[in-house]
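Please read the structure below before turning to the comments.
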């Protein structure tokens with residue numbers, strides 16, 4: 001469904017799902033971690049379960065260069081467009097903009113794909129501002145590493161920043177950004193490091209991203225528990241093998257506490273699934289249920305919630321997780337078993353990683369992971385203590 005007259009299209013009591021067919025056949029390249037289908041599989045699985053009627057689905061528009069320039073350097077935007085048009089970058093552009101380097105390849109849709117994700121998040125913010133929806137899910141969003149004039153960490157345009165700027169431009173004065181991806185939400189923190197209207201909170205694996213970024217004069221190491229940027233940031237680095245009981249503690253003791261203090265008018269939640277135990281890009285061990293409980297809590301924090309995707313590099317894990325996110329946003333309970341068309345969607349997946357050669361049966365027959373509990377460690381308590389301290 002195209003979204004033209006957005007304010008009249010949806011019922012505010014129903015969450016809206018923003019997607020696009022561009023993700024079905026677009027890939028960063030055969031050997032890249034993002035060679036896998038993610039958004040398209042989530043859409044197919046939601047539809048197979050009867051959870052995604054046309055009435056709540058919206059085709060994402062592509063952000064225009066003018067919209068992208070609200071945050072990004074016009075010269076950088078033009079360079080990404082040129083890279084798509086010519087399928088090449090000069091050595092000067094590679095060095096200046098990070099295109100075709102450091103995990104940010106040139107591929108056939110290198111402008112259109114991230115511009116579509118950004119357009120979806122901008123549209124989501126408009127829907128929230130206009131009261132056309134109270135909850136919007138854009139699983140293609142969450143590209144939280146993008147810099148104003150540089151691709152970074154697989155991210156070309158920073159759609160969370162563009163969505164937050166849209167909310168601020170629309171008159172909101174308190175936006176809470178929550179990031180539970182396994183990697184530090186550095187691009188969003190940097191964008192709003194001293195803006196009192198935006199509180200950024202990132203829960204991430206300690207020492208994972210950006211691992212080699214210098215702290216700078218008078219500043220704590222980026223993403224560390226003592227890193228508050230210009231004052232409007234809270235970081236909760238967590239140790240290896242971070243599990244459900246610890247995420248539940250972080251949710252209750254830190255995320256809810258900070259939200260109650262800040263009293264947000266809108267929450268933007270980056271819900272990357274790479275902190276799950278089955279993901280190869282982190283050493284964390286969460287079940288998808290732990291993430292779903294954060295989603296449910298975020299929905300109760302504010303009258304407006306934009307839920308985004310983010311990281312996720314196991315096609316079965318990310319599809320099951322984000323499908324459960326959509327169920328959570330609607331107040332639905334995940335079925336105990338998947339069968340029929342839903343199971344077929346998952347069994348049709350393939351993955352070049354060694355873990356994908358013989359996937360366990362439950363990756364195709366269940367939605368919810370078994371809980372992954374453990375002992376609450378002092379490192380987690382200390383990160384939370386520092387985050388909630390005045």
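What follows is calculated from the coordinates using simple rules that are stated; it is not laboratory data. None of the values given here were measured: they were computed from a predicted structure. Neighbour counts are summed over all protein chains in view; Cβ atoms, including those assigned to glycine, are modelled from backbone coordinates with ideal geometry.
Of the DSSP beta bridges with both residues in the chain, give the percent that are antiparallel, rounding to the nearest 5. Percent antiparallel among DSSP bridges in the chain is about 10. The helix-only estimate of mean residue ellipticity at 222 nm for the chain, built from DSSP H runs of length n ≥ 4 each weighted as -39500 (n - 2.57), is -10000 deg cm²/dmol after division by the residue total. Once the range 140-228 is represented by equal point scatterers at the alpha-carbon sites, with solvent omitted, what log10 I(q)/I(0) does the Debye formula produce at q = 0.17, 0.18, 0.24 Å⁻¹? Each listed q corresponds, in turn, to -0.70, -0.79, -1.33. When 88, 354 are arranged by Cβ crowding within 10 Å, least crowded first, meaning fewest neighbours, the order is 354, 88. Just to confirm my numbers, what's the Cα centroid distance between the range 25-85 and the range 170-202 in Å? Going from one Cα centre to the other spans 22 Å.
Distance between the pseudo-spin-label points of residue 354 and residue 261 (7 Å out from Cα toward the beta carbon): 4.4 nm.
In percent, rounded to a whole number, the relative contact order of the range 222-347 is 23, using alpha-carbon pairs under 8 Å and six or more apart. By the count of other C-beta atoms within 10 Å, a proxy for reagent exposure, 31, 247 are ordered fewest to most as 31, 247.
Sorted ascending by nearby beta carbons within 10 Å, beginning with the fewest, 261, 234 become 261, 234. Alpha-carbon geometry of the range 239-390: the Rg and the Dmax are 16.2, 52 Å, given in that order. Distance between the 7 Å Cα→Cβ label points at residue 241 and residue 296: 2.8 nm.
Computed extension length for residue 88-residue 102: 3.5 nm, one decimal, from 0.36 nm per residue of separation with the Cα-Cα distance subtracted.
Classification of the chain by its C-alpha gyration tensor yields a rounded form. The axis ratio a/c (a ≥ b ≥ c) stays under 1.5. Dividing the mean sequence gap of close Cα pairs (under 8 Å, 6+ apart) by how many residues the chain holds gives a relative contact order of 17 percent.
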